[in-house]
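One structure is given here, and the rest of the page talks about it.
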Amino acid sequence: RSANEPLLAGVELFDLFTDPAGEKIPADRKSVAYALTYRSNERTLTVDEVAAAHQRLKERLSTGLDVVFRE
């Protein structure tokens with residue numbers, strides 16, 4: 001939320017996975033999944049606008065936190 005992305009209207013954590021045994025992911029890591037809502041109050045957003053906003057957000061997370069994305 002602090003990424004200051006103007007089109008980001010909502011963030012909701014919907015999955016959290018840890019593996020203390022370290023078999024699926026390292027024991028000191030966790031896997032999280034978020035639902036992101038992009039919205040403009042003025043108009044309908046295009047796919048390209050949402051994709052660009054999402055890419056900016058991912059870049060901020062990658063540089064600001066120790067985040068690895070699964071795609």
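Restricted to the stretch 37-61, and to residues there that are of a type in the set (A, V, I, L, M, F, W, C) and modelled with pLDDT under 95, the residue that is surrounded by the fewest Cβ atoms within 10 Å (Cβ to Cβ) is Leu61.
Summed over the stretch 4-23, residues that are open to solvent by less than 70 Å² (accessible area, probe 1.4 Å), under 21 Å from Gln55 (Cα atoms), not aliphatic (A, V, I, L, M) and not in a strand (DSSP E or B) total 1.
With respect to Ala35, is the statement that it is of a type in the set (A, V, I, L, M) and more than 11 Å from the chain's Cα centre (by Cα) true? Against the criterion (of a type in the set (A, V, I, L, M) and more than 11 Å from the chain's Cα centre (by Cα)), Ala35 does not qualify.
The values are calculated or read from the model by the stated rules, or taken from the named source; none is laboratory data. Since the structure is predicted, the reported quantities are computational estimates derived from the model, not experimental observations. Counting neighbours? That spans all protein chains shown, and the Cβs are built from the backbone with ideal geometry, glycine included. These area figures cover heavy atoms from the full protein model, side chains too; ligands, DNA and RNA do not enter into them. Shrake-Rupley method; radii C 1.70, N 1.55, O 1.52, S 1.80 Å.
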